[in-house]
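Q: Structure below; questions to follow.
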Amino acid sequence: MTDPVKLAIVYYSSTGTNSEVAKALADAAEKAGAEVRLRRVAELAPQAAIDANPAWAAHHAAVADLAVATPDDLVWADAVIFGSPTRFGNIASQLKQFIDTLGGLWAQGKLADKVYSGFASSATRHGGQESTLLALYNSFHHFGGIVVAPGYTDPAKFADGNPYGTSHIDAQGNNPVNDETREAARVQAERVVRIAARLKAGAAA
């Protein structure tokens with residue numbers, strides 16, 4: 001039996017949009033034969049700020065039992081998909097803080113030669129999804145990682161309109177994750193698993 005691709009999905013979500021996209025990616029990857037670890041990064045915001053936003057507070061409570069990402073999840077993985085809401089065209093500080101803890105693994109070369117990809121969300125159209133993903137991908141180049149973006153490799157990506165990764169516009173919580181976004185997530189997850197499987201098979205040959 002072929003050893004399945006090990007995929008870590010590591011993300012931050014405040015009000016739940018990115019959690020839904022992460023689950024869609026995980027479901028599609030598992031259907032494609034991957035073993036998946038779905039991991040949220042630790043929350044850094046003070047409880048008072050969380051409590052001031054009912055949607056944030058509700059989501060924070062809902063994911064309290066979901067495992068928090070550790071550097072070991074990246075060591076385990078053949079492929080990693082990171083996700084973040086857009087923060088002024090960049091990734092959220094919570095995800096950045098996690099990435100900043102990976103220096104030891106980077107120095108040991110343990111982040112290199114893995115497949116990496118990303119997903120994002122924003123409140124508005126043209127709200128920074130693409131720049132967030134491109135900023136995230138800078139780290140992958142430093143890792144020595146293999147960046148696998150979905151590109152326009154499937155008709156679903158022409159509807160989604162983002163070749164860099166899955167993205168969703170939540171309209172300040174008024175636009176739930178929909179079929180268009182789920183289809184984009186499927187394309188991305190399947191492509192990441194497929195390319196990681198080829199690399200893994202080549203390394204084992």
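Q: Quick one: if you stick a label point 7 Å off each Cα along the C-beta vector at Asn175 and Glu35, how many nm between them?
A: Using points 7 Å along Cα→Cβ, the separation is 3.8 nm.
Q: Additional query: Which entry is the computed Cα extents along the principal axes in Å for this structure: (i) 49, 39, 31; (ii) 54, 40, 29; (iii) 69, 44, 30?
A: (ii)
Q: Sticking with this one: If exposed chymotrypsin sites (Phe, Trp or Tyr not before Pro) are those in a DSSP loop with at most 14 other Cβ within 10 Å, what is the longest stretch of the chain that has none?
A: 1-87
Q: Right, here's the next one. Let a ≥ b ≥ c be the square roots of the eigenvalues of the Cα gyration tensor of the range 61-111; is it rounded (a/c under 1.5), or, if not, prolate (a/b larger than b/c) or oblate?
A: The shape class here is oblate.
Q: Let me have the 222 nm mean residue ellipticity of the chain computed from DSSP H runs of 4+ only, each contributing -39500 (n - 2.57), with the sum over all residues rounded to the nearest 500.
A: -14000 deg cm²/dmol
Q: While we're on this one: Per residue, what accessible area does the chain have, given a 1.4 Å probe and all protein chains present, in Å²?
A: 47 Å²
Q: For the cross-link pairs Lys6/Lys157; Lys31/Lys110; Lys96/Lys200; Lys31/Lys157; Lys31/Lys96; Lys23/Lys157, which exceed 22 Å when the distance is taken from alpha carbon to alpha carbon?
A: Lys6/Lys157; Lys31/Lys110; Lys96/Lys200; Lys31/Lys96
Q: With the full set of protein chains in place, find how many percent of the accessible area of the range 34-127 is carbon and sulfur; take the probe as 1.4 Å.
A: 55 percent
Q: Please label the shape of the range 90-205 as rounded, prolate or oblate, based on the square roots a ≥ b ≥ c of the eigenvalues of the alpha-carbon gyration tensor (a/c under 1.5 means rounded; beyond that, a/b larger than b/c means prolate, else oblate).
A: Oblate shape, in that a/c is at least 1.5 and b/c is the bigger or equal ratio.
Q: Now, a different point. With a cut-off of 8 Å between alpha carbons and a minimum separation of six or more residues, what is the relative contact order of the range 103-205 in percent?
A: Relative contact order comes out at 30 percent.
The values are calculated or read from the model by the stated rules, or taken from the named source; none is laboratory data. What you are looking at is a predicted structure, and each value in this text was computed from that prediction instead of being measured. Every residue, glycine as well, gets a Cβ built from its backbone with ideal geometry; the counts of neighbours run over all protein chains shown. Heads up: the accessible areas ignore ligands, DNA and RNA and are worked out on the full protein's heavy atoms, side chains in. Shrake-Rupley method; radii C 1.70, N 1.55, O 1.52, S 1.80 Å.
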